[in-house]
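The values are calculated or read from the model by the stated rules, or taken from the named source; none is laboratory data. Being a predicted model, the structure only gives us computed values, none of them experimental. Cβ placement follows ideal geometry from the backbone for every residue including glycine, while neighbour counts extend to all protein chains displayed. Just so you know, the surface numbers come from the protein's heavy atoms only, side chains and all, with ligands and any DNA or RNA stripped out. Shrake-Rupley method; radii C 1.70, N 1.55, O 1.52, S 1.80 Å.
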Amino acid sequence: MAQDYNPEIAAAIRAFLGEKDWQYFFQKKKGLFHFYTRIRGTLGKIQYIVEVFQDSYLVVAYSPLFAKPDDPAQMKNMAEFVCRANYRSLCGNFNLDFDDGELHYKCYVNCEGIQPSQAVIRYSIYRPAEMFTRYNDAIVQIMVNDMPASEAVARCEEAELSDPEPDDQETDITQWIRRMPIPPAEEPGDGTGE
């Protein structure tokens, strides 16, 4: 059976994760990477799924906290959060599932005619963690304390302006992203994809 994904793109992602010593599970038949990372703040961790296609890949990071789909006021507030948080986002975006309240951040990387560099892979994987860290307090305040999205997002963005990131993004990111082992996989695998 032919693979429905590009093994060279998968190998480049595997090399990045291996270089960073991240624990992951790779579903070789489907071209899917699964892993978790810890982030600074109340959310604590996010789950990643990286899906490799023939000419692209998609990084999706999932919030451990879901909105309540049976609470119309909260869903409206979270939808406003998504719009406000996405407004200035240059790469990737938050999505809210109105059926189950799931919140995730995704980055799509087009690789048509090229292989992604390690810098591109690093950015696409770190970006969701950066966004969940930036808006961590807003997500929690909206879902737990019913804070208006406009106020919650403004607080996060004001806090970021008063505490600018250092010039060395890699150093800053590695200070607050801590990899954690994945739970036992449904399919056998040792994290190498072999």
Considering only residues of the stretch 103-113 that are assigned to a loop (DSSP other than H, G, I, E, B) and either at pLDDT below 95 or open to solvent by less than 40 Å² (accessible area, probe 1.4 Å) (or both), which is farthest from TYR135 (Cα to Cα)?
GLY113
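Report yes if ALA149 is among the hydrophobic types (A, V, I, L, M, F, W, C), at pLDDT below 95 and more than 18 Å from PRO64 (Cβ to Cβ), otherwise no. Full working, then the answer.
Values: among the hydrophobic types (A, V, I, L, M, F, W, C): yes; at pLDDT below 95: no; more than 18 Å from PRO64 (Cβ to Cβ): yes.
Spelling it out, it is not the case that ALA149 is among the hydrophobic types (A, V, I, L, M, F, W, C), at pLDDT below 95 and more than 18 Å from PRO64 (Cβ to Cβ).
Is there a residue in the stretch 74-94 that is touching a His at 6+ places or on another chain (Cβ under 8 Å) and not small (Gly, Ala, Ser)? Give the steps one after another, and end with the answer.
Initial filter on the stretch 74-94 (touching a His at 6+ places or on another chain (Cβ under 8 Å)): 94.
Imposing the further condition that a residue be not small (Gly, Ala, Ser) reduces the set to 94.
Scanning the stretch 74-94 turns up at least one residue that is touching a His at 6+ places or on another chain (Cβ under 8 Å) and not small (Gly, Ala, Ser).
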Quick one: in the stretch 13-45, which of the residues that are in a loop (DSSP other than H, G, I, E, B), charged (D, E, K, R) and over 16 Å from the mean Cα position of the chain (by Cα) is surrounded by the fewest Cβ atoms within 10 Å (Cβ to Cβ)?
ASP21
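Mind checking which residues of the stretch 80-91 are open to solvent by less than 60 Å² (accessible area, probe 1.4 Å) and within 14 Å of TYR135 (Cα to Cα)? I'd like the intermediate steps shown before the answer.
Pass one, the stretch 80-91, residues open to solvent by less than 60 Å² (accessible area, probe 1.4 Å): 81-82, 85-86, 89, 91.
Once the filter is applied, which keeps residues that are open to solvent by less than 60 Å² (accessible area, probe 1.4 Å) and within 14 Å of TYR135 (Cα to Cα), the stretch 80-91 yields PHE81, VAL82, ALA85, ASN86, SER89.
Taking the conditions exactly as written (free of Cβ contacts under 8 Å to residues at least 60 places away in the same chain, out of contact with any His (no Cβ under 9 Å at 6 or more places or on another chain) and open to solvent by 40 Å² or more (accessible area, probe 1.4 Å)), does LEU65 satisfy them or not?
The answer is no for LEU65.
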Pairs, first free of Cβ contacts under 8 Å to residues at least 60 places away in the same chain in the stretch 75-99, second assigned to a loop (DSSP other than H, G, I, E, B) and buried (at least 18 other Cβ atoms within 10 Å of the Cβ), C-beta under 8 Å, six or more apart
MET75/ALA67; MET75/GLY101; PHE94/TYR135; LEU96/ALA67
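Can you tell me which residue among TYR57, TYR48 is touching an Asp or Glu at 6+ places or on another chain (Cβ under 7 Å), assigned to a strand (DSSP E or B), within 28 Å of ILE139 (Cβ to Cβ) and touching a residue at least 12 places away in the same chain (Cβ under 8 Å)? Quick ask: steps written out before the conclusion?
Values: TYR48 fails: touching an Asp or Glu at 6+ places or on another chain (Cβ under 7 Å).
So the residue among TYR57, TYR48 that is touching an Asp or Glu at 6+ places or on another chain (Cβ under 7 Å), assigned to a strand (DSSP E or B), within 28 Å of ILE139 (Cβ to Cβ) and touching a residue at least 12 places away in the same chain (Cβ under 8 Å) is TYR57.
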Is the stretch 114-124 home to any residue that is within 19 Å of the chain's Cα centre (by Cα), over 15 Å from TYR57 (Cβ atoms) and either at pLDDT below 95 or not in a loop (DSSP other than H, G, I, E, B) (or both)?
no
